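Beneath this line is the structure, given in C-alpha cells, with notes to follow.
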Amino acid sequence: MLNSLLTPSAALCLVGMFSAGSFLIDSDPVLLKSGQKSGAQSSKTPSKTDDAALRARANKLHRNSIVIDTHNDITSPLADDGFDLGMQGDDPAAKVKTHTDLRRMKAGGLGAEFFAVYVGKEFVNKKPSEGGGAARRALDVIDVVKEQIRRHPESLEAASTAADIRRIVKSGKIAALMGIEGGHAIEDSLRALRTFYKLGVRYMTLTHTNTNDWADSEGDINNPNVQHHNGLTDFGREVVHEMNRIGMMVDISHVADKTFYDVIATTHAPVIASHSSARAIANHTRNMTDDMLRAMGKNGGVVMVNFYDGFLDPRKAELALRERTMEDELKAKYPNDPKRAQEEIDAWRKANDPGKTPLSVLMDHIDHIAKVAGIDHIGLGSDFDGVPLTGLPEGMEDISKLPNITYELMKRGYSDADIKKVLGENLLRVMSEVERVASELQTSSAAAVIKK
C-alpha cells in the first residue's frame, strides 16, 4: 500500500508465523511495507492469547508515542455548562455528560490536545448586551482554556511550539494548545488575528458552517440566500499570508471546495484539516475528495481524521446533511427555546438511526487517506464533545479509547514508525515546518524594511 520500509529501529511489528498450525507473535523486525498487511497469516483465527499479546504490544507502542488530537470541543461544556476537566463526564449521576475529562485523557494516553475555540455563527454581530460578538466569544473560550491549565497544573501545561509539545509530553503532562474554529472570530481584523496568536492560538479554521466576509464555507455553499465569493477574497488571501507569517497553521476543515484550492494556491506553508475525513467513503461535503487529499500530500500538510459517525459511515452521511438543515429550521422555529429545538433533533436522530458504526469504518478512512495522500499526511482530529454523545463508532466512545486506534493499526499491518506518524508525528512535522516558514518570512520582511 505504502512506500516506506520498516527499519530495525521500528521494533514490535507483527509477524505471522506458522508453528503447529497456530499464529505466533514474534518480536524480530521484518521488512514490511508500512501500511500493508503481512502476507504470512495463519489459516486459523488468532487465539485470545495471541490477541492479548498484540493488545499488550499495541498499548506499549501507544504509551511510547506522542498522541495528538487536533480538535476537541470540550470547551463548550467548560464555557457554558460549568464543567471542569477534573470532573467525571461519564459518571451516570453527572449533570453534564462528556467524551472528555482529565481522567479519561490520561487513560487514552493523550500527549497533546488542541482545545477548539469554537465560535458559532450566532455570535456574528451580537451586541455587548447580548454577550458580545465573535471576537468576544473567542476571548471568553480562550480564558476558559487558560483557567483549566491554571486549575490543573499537575496534568496540563500550555504549549506554543512543536518543541514545547515534545518537552511537556516527556515530563508526563498533557500539552494544551488552542485552535480557533470559525474565521469570523477575527472580525475581519489582522490585528485581532495576531492578538489571538499571542494568546496561544496555533491554528484557525477559516470558516465554520457559515460563509464569512472573506471565505466560503461548505456548510451553506448551496444556499442561494448567502452571498458567496467563489472561494477566498483578496482579504482572505491576506489572512492566509498573515497566518503563514506569524506561524499559525491554516485549517481547511469546513471550507468550500473552491476555498480549499484557493488556500493551496496561496499558502507558503503546509496546511491542516483539523477534523475531516474521506469523501470517497462517506459522501459528505465536510469530507475531502481524493483530489483534495492528493493536493494535501503535495502541499506537505496533514489530514486529521474526524471520528463523528455522521462523517464516517456512508449510511449516515446523508442523514447528517439532513440533520444540519433541520437544526437551522428548528432554531428558527424556536428562537427562544433551544432546549425544545434540541429535543426534536434528538428524537429525529433516534428515529432514523441505522445502528452503531463499527470502529473498522474509522480505520477504513485512515487507510484510504494514507493510501491517497500518503502515510506522512494523516493524523487524528476527534471532534470529541462537538458531536452527539452517541455519535461515535463502537470502540471509540470517548477519549479513553484512543489506544484502540493503535491496536487496529497494528492489526492492519502498519509499522511502528508509521503508527507513530498517524498518532502525532505527522502533525508535529507540519507544526515545525509552519514555524520554520514563519521565521523565514519574518526575517525577509525585516530585511525588506531595513533595506527601504
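The values are calculated or read from the model by the stated rules, or taken from the named source; none is laboratory data. Only a predicted model underlies this, so the values are computations on that prediction, with no experimental measurement involved. Note: ideal-geometry Cβ built from the backbone for every residue, glycine included; neighbour counts use all protein chains shown.
What the table below lists for this structure:
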read-out: Failed criterion for D346 (all others in (1) in contact with a helix residue (DSSP H, G or I) (Cβ under 7 Å, 6 or more places away or on another chain); (2) on the phi < 0 side of the Ramachandran plot; (3) without any contact (Cβ under 8 Å) to a residue 60 or more places away in the chain hold); value: (1)
read-out: Output for the range 164-201, where each listed residue is of a type in the set (D, E, K, R) and either surrounded by fewer than 24 Cβ atoms within 10 Å (Cβ to Cβ) or part of a helix (DSSP H, G or I) (or both); value: D164, R166, R167, K170, K173, E187, D188, R191, R194, K198
read-out: Residue match in the range 224-243 (condition: farther than 24 Å from G424 by Cα, under 18 Å from the mean Cα position of the chain (by Cα) and at pLDDT 95 or above); value: no
read-out: Leading residue by the ranking (nearest to I399 (Cα to Cα)) among those in the range 110-133 that are surrounded by 21 or more Cβ atoms within 10 Å (Cβ to Cβ) and of a type outside the set (F, W, Y); value: L110
read-out: In the range 347-363, the residues that are surrounded by fewer than 18 Cβ atoms within 10 Å (Cβ to Cβ), part of a helix (DSSP H, G or I) and either modelled with pLDDT of 95 or more or under 18 Å from the mean Cα position of the chain (by Cα) (or both); value: S360
read-out: Hey, Q36 within 24 Å of N426 (Cα to Cα), at pLDDT below 95 and either surrounded by 15 or more Cβ atoms within 10 Å (Cβ to Cβ) or more than 19 Å from the chain's Cα centre (by Cα) (or both) or not; value: yes
read-out: Given (1) surrounded by fewer than 23 Cβ atoms within 10 Å (Cβ to Cβ); (2) hydrophobic (A, V, I, L, M, F, W, C); (3) farther than 24 Å from G247 by Cα, index of the condition M105 fails; value: (1)
read-out: Among (1) in contact with a Leu (Cβ under 6 Å, 6 or more places away or on another chain); (2) farther than 19 Å from R150 by Cβ; (3) surrounded by 24 or more Cβ atoms within 10 Å (Cβ to Cβ) - the single one K97 does not satisfy; value: (3)
read-out: Scan of the range 290-314 for residues that are surrounded by fewer than 15 Cβ atoms within 10 Å (Cβ to Cβ) and of a type in the set (K, R), ordered by number; value: K298
read-out: Set V422, V387, V434: member being under 14 Å from the mean Cα position of the chain (by Cα), β-branched (V, I, T) and either farther than 20 Å from L61 by Cα or in a loop (DSSP other than H, G, I, E, B) (or both); value: V387
read-out: Top-ranked residue of the range 43-89 - restricted to ones that are part of a loop (DSSP other than H, G, I, E, B) and among the hydroxyl-bearing types (S, T, Y), ranked as surrounded by the most Cβ atoms within 10 Å (Cβ to Cβ); value: S65
read-out: Sole exception among (1) aromatic (F, W, Y); (2) more than 25 Å from A162 (Cβ to Cβ); (3) crowded, with 24+ Cβ neighbours inside 10 Å for Y334, by number; value: (3)
